[in-house]
Every structure is written in structure tokens, then in C-alpha cells.
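Input: a single structure, listed below in C-alpha cells.
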Amino acid sequence: MTTALDLDWLLNPSLAPDVADDTLAPLYTAASYGQLALPFCADCATPADLDQRVCDICGSARTLWRTVQLTGTVHSVTVMHRREPGLVRTGAPYPILDVELTSGHRLIMTSRESADTAFRIGDPVAIRFRSLGGVAIPAAIPAPPASSPANESTAHSISEECP
Amino acid sequence: MTRGVPREVAIAGLGMTEMSLRPGRTPLQLAVEAARSALADAGIEQRAIDGLLVGSSQGVRPDRLGVAFAAQGGFSDLRLLEHIEIKGATTIAMVQRAQLAIETGAATTVMCVFADAPLVAGKGAGSTYAHSGGNAGVRGLERASGVLGSVPTYALLARRWLHTTGADEADLCAVVTTARAWALGNPAAVVRTPLDDRGYYDSPMVSDPLRRLDCARPVNGAVAVIVSGDPSVGEAARLTVRGIGRDHPIRHRRAGGESWFGGGRRAVDLALDQAGMSRADLDMAQLYDPFSVVTLMLLDEYGLTGVQPVSDFVRGGGIGPGGALPTNTGGGQLSGFYLQGMTPLAEAIVQLRGAGGERQVPDAATALVGGIGGRVDHHAALILERAA
């Protein structure tokens, strides 16, 4: 799958996540279509942690992954100066963001482009995707001035997990 | 011995290996040495041990110390044997487990052994941690986003903490230089060269705001601690376990709130309640400090700086030699050595025994020992007192 044209700006493809049978498979599937899917409690709609299986609010064990708006704000951000040889491809420090998504989740990501390093806590961001070893990975860009209608939430379920 | 009558539980033995920055011995070899040293320190034979608790990091190597140490280490006829794992809160959890076993009569003299050897030949510690973690699950996604090793995760926490409190890098600098000042008097510390503010700011940035000197120094080493309800064990240097508290706030990562802050105070309150003490009764604090920002955060969240803001307290020398609350008096995990939760526990024992040499806190009789685990998800607090 990986070609020279497909190389990520940041990392070596050996860091591509395991996708088959992974607990985050619904996220990677949606990401391959340019959508962001995240888990919610199927009964009370509380945003769940990515690996959460029982809702801490209502006790439900039903999780629903659905696509969400591609927008958020920066909860925290660091610029990583240490670049591990063999794993990191870029020659410059790179950002790591902890993003509060409009959906209520928090998600760690880097930037879509290597040039985007000026993020600050509270900045609005939009979510796009990098391709790492053929796997689409959520990544941030500075929020465009106006929100695009294409980014609106879709309510349909793309996968459902019942115990 | 009468069942049902609580016995005074004390720390009665301490054994430590060299804390080494060089790869070499396995966790098992290190554990054997620490265990033998603790037995000699307590003045008992190995057969006097009827409980064994082992700990090791989830970390980076497959041959982590486990319950097989009972056979490998020559123990026999145990009534308590467990591997305790609650990340950086492990060592206090071990002492608590031992205390409960002793108070209920399930065991009398319990050895707690922690051994780790994260440093392997041909790689720096940073590189070893950067390569560990795997490609699966949440960690796999984070690693695919450039979160390599544990520094960037704590850098995100640090940036958020500085943002919410208004503290700044001068506070981080004060923590680091104070830890180094303490380490100068600790022969077991792995970094013992003087450090001033300029030296701190010259340290290379790893993941901002954390410089290399804001990060702990992992070592290969082991510590064994003997906890006993038998007053004849280690009678020359017994330290009473006065109180233990735990707090596992179980927070979720959601928008609109904090996931790292606001925990742990209950662990300290519970330990103080059990001890019948207040914060003013504490002669020192030995806190878990894998990164400089954690010292600031815990001093603040545990309520240890009185009415002073933590920045003023730390910059004013409150945690240094001669300060109101000497903290991490062996250099902590930053300049002393990082052996997970054993770093603060071992230092408290050394100090309360009056064995601190050049770094000894005068007349120290009580100590708060803290442990945190994960991404500040787990808190444990222990109060020790030198027997009168």
C-alpha cells in the first residue's frame, strides 16, 4: 500500500497502527473515508473514551461509534523537539495537540502539515487526516475562518457493538 | 500472638543496590541483592519472611520481576505472595498490603521488593522508551501521532498546568535546581554536579516546556523493604507506619473539563486522619517526581504549601535545605534516581533513620511519602514516623 508518494511528513510507516481487529477499527475505517468516528454510550449518548466499554454515567455496556463534526479547540499542546532516529522523519520540531472535539471527546493528534506549529491552548482547529503507512490518522489544521457544511455531523451509525 | 489485636506495623529493613545508569544485571539479579541486603539490615534470616510482595514496571522488557522470585530468590513457606501493580503507586500499595496482612494476622514479616532494569545495551533511555508501546489500541494511535516515550504526554499536562495556574518555567527551574542541590549530598544520586539557573535553561528542550533536566533519570536497580509486626525485627531502626491513603479518581477524557488535575488530596487526608496528624506535623515530603511539573502540581494539590501559592513556596526555598517542607531530599527522581515508587520511599527511610549524611534533615521524625501512577490517575500517600 505504501508508495513513495504516500510517505507521511512526520513518521516512519513502521508506526502505522494495527488496523485489523483493533479496538479502534471503527475510527480507522471512517478515517479512510475522511470522516471521524468516535464512541458514545448508545443509551445516554455520553462521549466515551476510545477504549471505554461501560458508561460511567448510566452503566450501559452498549457503545455506538458515529461520525462527528471535524472541529475542536486545543486543550493542550507541546512541540516535540526530541526526534527519535529511525521513527521520526521530519528534520524540525513537531507539534502534538490534545484536542477537545465539538463532539465532547478529547483526541491526541499532530498537525496535518509540517509547517503548522503555532497552535496555542484555546485555538480552534479543524480535523483532517494524514496517511501513515496507508492508514488514515486524524490530524489538525488551524480552523478555517468559516465552517464548511461538509463538516456537519452525520447521525447514522457506522458500527455498533453490543455485548 | 493474639488474633484480632492490631499490632504496630513498622518498616524494619531496607536494602538497596547501586542505582546504575549502565546496563548490566537483570531485574532478578538486582532483586536478589536488594533482598539479601534488606535481610542483613533487619538482622533476620530469610526463613523469618512469611510474606513476599514483588513489583516491577510494565515497562520495556519481558523479563520483569514477578512472583517467580519467591522460588528464584530462595524463599520458602510463604503465607502471602503477590505481584502488586498500580504503576507509580505500587510501592505504597505494597506497604499497605503488608500492613493489612500483618494487622489481620495473615502474615508477620513481609518483604516488598521492587526491581527494574529499563536500560539496555546500545540505547539511551529516551530511545528505549520511544520504541516501546506497540501499535495497537489507544497507545497505537497516539504513537502514530508522534507521542513517542512518556515525555510528550507529561509535556501536554505541564503546558495545561502552567496555563491554568499561571505558573511558568521559572517554577520548573526552581524545582530542578533544588532537587540538584539535594542530590549533591546523596552518594546514591546519579547526577551530582552543581546546577544553577543558567545550567537549567541551557538544557535541551525535549518536549516543551520540559527540558532534559525536567525529566527523571531511569536506572537499573532494586530496593527491598521489610515490613514487620514483630517488634524484635530490625528493632534498632524501626519506622512506624502511621497512615496510608489511596485515591483513584478515575477521570475520563472529555471536552470542557480537566482529566489530569484535582486528584490525590483525599489520599493525603486519609493518611493524615489515620495518623492523627495534620499537615503541620510533617517534617518532610518525598513525592513522586518523574517530571519537575509533577512536584509543583502535587505540592499544590496535596495542600502542602500552607497559605502560600506553590510558585512562591518553591521559589522561596520552601522545599530546599532549611525550607519549611524539605522535599525530595535525595534529589528525587530528577537528580537522584528513578526507580518508580521506591525512590521516595527509600529516601524517607534513610532520612528518618538519621542516615542522610550531608543531606540529613535535622530532627526529622515524620515523613509524607507520595506515589502517583499513570497520567496522575492514581495517588497513594504514606506517613512514616521514627519510633520515639
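Shielding by partners for A:46-54, please: the mean number of other protein chain Cβ atoms within 10 Å of each residue's Cβ.
Working: counts 2, 4, 3, 6, 5, 3, 2, 0, 0.
The mean count of partner-chain Cβ atoms within 10 Å per residue comes to 3.
Summarise the partner chain shielding of B:131-142 as one whole number: the mean count of Cβ atoms from other chains within 10 Å of each residue's Cβ.
On the way: counts 4, 0, 1, 2, 9, 7, 7, 9, 2, 10, 14, 7.
The per-residue average across the peptide is 6.
Using unit Cβ charges (K, R positive; D, E negative) and no other charged atoms, how large, in debye to the nearest 20, is the dipole of the protein assembly as shown about its Cα centre? Write down the numbers at each step before the final one.
On the way: 47 positive and 56 negative charges, 117 e Å.
Magnitude of the dipole: close to 560 debye.
Karplus couplings for region A:125-136 from phi (6.51 cos²θ - 1.76 cosθ + 1.60, θ = phi - 60°), rounded to Hz, Gly and Pro as x?
Going residue by residue, I get 9, 10, 9, 10, 9, 9, 10, 10, x, x, 9, 7 Hz, with x marking Gly and Pro.
With charges set only on the Cβ (+1 for Lys and Arg, -1 for Asp and Glu), what does the dipole of chain B come to about its Cα centre, in debye to the nearest 20? Walk me through the numbers on the way to the answer.
Values: 36 positive and 38 negative charges, 186 e Å.
So the dipole magnitude of chain B works out to roughly 900 debye.
Give the dimensionless ratio obtained when the Cα radius of gyration of the protein assembly as shown is divided by 2.2 N^0.38 Å. Numbers along the way, then the final one.
Values: Rg = 24.4 Å, N = 551, 2.2 N^0.38 = 24.2 Å.
Normalised Rg, Cα atoms only: 1.01.
Can you put A:C55, B:C173 in order of Cβ neighbours within 10 angstrom, beginning with the fewest? Walk me through the numbers on the way to the answer.
Working: A:C55 20, B:C173 24.
So the residues, fewest neighbours to most, are A:C55, B:C173.
Round to the nearest 10 and give me the degree value, 0 to 90, for the angle of helix B:27-42's Cα axis relative to the longest principal axis of chain B.
The angle comes out near 60 degrees.
How would B:F313, B:F114 line up from fewest to most surrounding beta-carbon atoms within 10 angstrom? Don't skip to the end; give the middle numbers.
Details: B:F313 24, B:F114 30.
Listed from fewest to most nearby Cβ atoms, that is B:F313, B:F114.
Applying a 10 Å radius around every beta-carbon, put B:257-263, B:104-110, B:364-370 in order of their mean neighbour count, most first.
Working: B:257-263: 17.4, B:104-110: 19.6, B:364-370: 24.3.
Going from most to least packed, we get B:364-370, B:104-110, B:257-263.
Show me the ranking of peptides B:286-293, B:45-52, B:174-181 by mean Cβ neighbours inside 10 Å, starting with the highest. The partial results should precede the final answer.
Working: B:286-293: 27.0, B:45-52: 18.1, B:174-181: 24.9.
Result, highest mean Cβ count within 10 Å first: B:286-293, B:174-181, B:45-52.
When you count, for each residue, the other Cβ atoms within 10 Å and take the mean per peptide, how do B:275-281, A:13-19 rank with the highest first?
Result, highest mean Cβ count within 10 Å first: A:13-19, B:275-281.
Taking the Cα centre of the protein assembly as shown as the origin and placing charges on Cβ (Lys, Arg +1; Asp, Glu -1), which of B:A189, A:I57, B:L299 is farthest toward the positive end of the dipole?
The residue sitting most towards the positive pole is B:A189.
With no solvent and one equal point scatterer per Cα, compute the Debye intensity ratio I(q)/I(0) for region B:230-274 at 0.16, 0.19 Å⁻¹ and report its log10, rounded to two decimals.
-0.61, -0.71
Other chains' Cβ within 10 Å of A:87-94 residues: what's the mean? Working shown, then result.
Numbers: counts 6, 3, 0, 1, 0, 0, 3, 4.
Mean partner-chain Cβ count within 10 Å for A:87-94: 2.
Compute the distance from the alpha-carbon center of region B:282-306 to that of region B:27-56, in whole Å.
Using only Cα atoms to place each centre, the spacing works out to 30 Å.
With 10 angstrom as the radius, rank B:C215, B:C112 by how many other C-beta atoms surround their C-beta, starting from the fewest.
Values: B:C215 26, B:C112 29.
Least to most surrounded, the residues fall as B:C215, B:C112.
Summing -39500 (n - 2.57) over the DSSP H runs of n ≥ 4 in chain B and dividing by its residue number, what mean residue ellipticity at 222 nm do you reach, to the nearest 500 deg cm²/dmol?
Working: 12 runs with 122 residues, N = 388.
After summing the helix terms and dividing by the residues of chain B, the value is -9500 deg cm²/dmol.
No lab work stands behind these numbers, since they all come straight from the coordinates. Just so you know, these numbers come straight off a predicted model, no measurement behind them. Heads up, the Cβs are rebuilt from the backbone with ideal geometry, glycines too, and the neighbour counts pull from every protein chain shown.
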